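Encoded as structure tokens, the structure appears first; notes follow it.
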There are 2 protein chains.
Amino acid sequence: MSKVKGSKAERELQKIFWQNGWACLRTAGSGSSSHPAPDLLAGNKIRRLAVECKATKSISKYLTKEEIGQLIEFAQVFGAEPWVAIRFDRDNWYFISPEDLKETNNNYLASLEIAKNKGLLFEEVIN
Amino acid sequence: MSKVKGSKAERELQKIFWQNGWACLRTAGSGSSSHPAPDLLAGNKIRRLAVECKATKSISKYLTKEEIGQLIEFAQVFGAEPWVAIRFDRDNWYFISPEDLKETNNNYLASLEIAKNKGLLFEEVIN
């Protein structure tokens, strides 16, 4: 996924958080910063969600071990829940816990099957 | 202050948060986003700080009413404390509560005098 498409997906999900009464910001330099950072950080007075955000036309998406490691590290230090938000082609956003991703040799795999079996929809993750 | 200098100040303060055991991220498109956003958001397991970040060679700095309004709005929805972090030339970072800024006709004024009288140093704001 290109950087531009990635930003578009992030902005789309950011907007949905705001429409549902959550604050949500996009991180500058996520993935290139010298400090760990999620793509999005959403919060309300009770919970904080650190979100790695992906959109794909395929039915599966690989995430690097570094991406997931940084997501978990940031979430631990900040005091947030780590989530991978992924939207497969023309489908809903699913929120998958990092521990439900399938570990491969060098990556983590998020598939539509995992999303449907173990992921949460937006309305579920915010409630 | 130019955008480049602004980013440099933000990165400097971001680094100090991490060095002190806090997570801190810089916001993409702060000031131009369609959603309110602080320059920085720092957090640990207990507290969250939404920070508007300024560095100046002068002894005073004006902030727009929109900047401060967005800072306060974001902080309220996210559940964070709003702070203006400002470093005057060759001095420490001071953290000023928005309510301690001096309101003028069209702006808010952060001065070195206000910072020294009412602001907190970094070590104070994180404790």
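No lab work stands behind these numbers, since they all come straight from the coordinates. Note that the structure is predicted; figures quoted are calculated from it, not measured. Note that we place each Cβ from the backbone using ideal geometry, even for glycine, and neighbour counts take in every protein chain shown.
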Checklist line | Value of Rg/Rh across the stretch A:1-98 [Cα atoms, Kirkwood radius] | finding: 0.93
Margin query: Give the average, rounded to an integer, of partner chain Cβ atoms located within 10 angstrom of each Cβ in B:73-80.
Written below: 5
Note to self: Within a 10 angstrom radius of the beta carbon, how do A:D89, A:D100 rank from fewest other beta carbons to most?
What the structure shows: A:D89, A:D100
Notebook entry, point to check: When DSSP beta bridges are limited to those with both residues in the stretch B:3-126, what percentage is antiparallel, rounded to the nearest 5?
Noted result: 70 percent
Next item on the list: For n ≥ 4 DSSP H runs only, could you compute -39500 (n - 2.57) per run for the protein assembly as shown, divide by its residues and tell me the 222 nm figure to the nearest 500?
Entry: -10000 deg cm²/dmol
Notebook entry, point to check: For the protein assembly as shown, what log10 I(q)/I(0) values come out of the Debye formula at q = 0.14 1/Å, with one point per alpha carbon and no solvent?
Noted result: -0.90
Margin query: Give me, ordered by chain and number, the residues 5 or more places off B:A55 or on other chains with an amide H under 5 Å from its own placed amide H.
Written below: B:R87
Next item on the list: Let me know the mean shielding of A:19-27 by other chains, meaning the per-residue number of their Cβ atoms within 10 Å of its Cβ.
Entry: 6
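Averaging sequence separations of C-alpha pairs under 8 Å and six or more residues apart, then dividing by the length of chain B, give the relative contact order as a whole percent. Numbers along the way, then the final one.
Working: 211 pairs, mean separation 24.5, N = 127.
Computed over chain B, the figure is 19 percent.
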Item checked: Members of A:K15/A:K61; B:K61/B:K116; A:K5/A:K57; A:K15/A:K57; A:K45/B:K15 lying beyond 18 Å, as alpha-carbon distances in this model show -> A:K15/A:K61; A:K15/A:K57; A:K45/B:K15
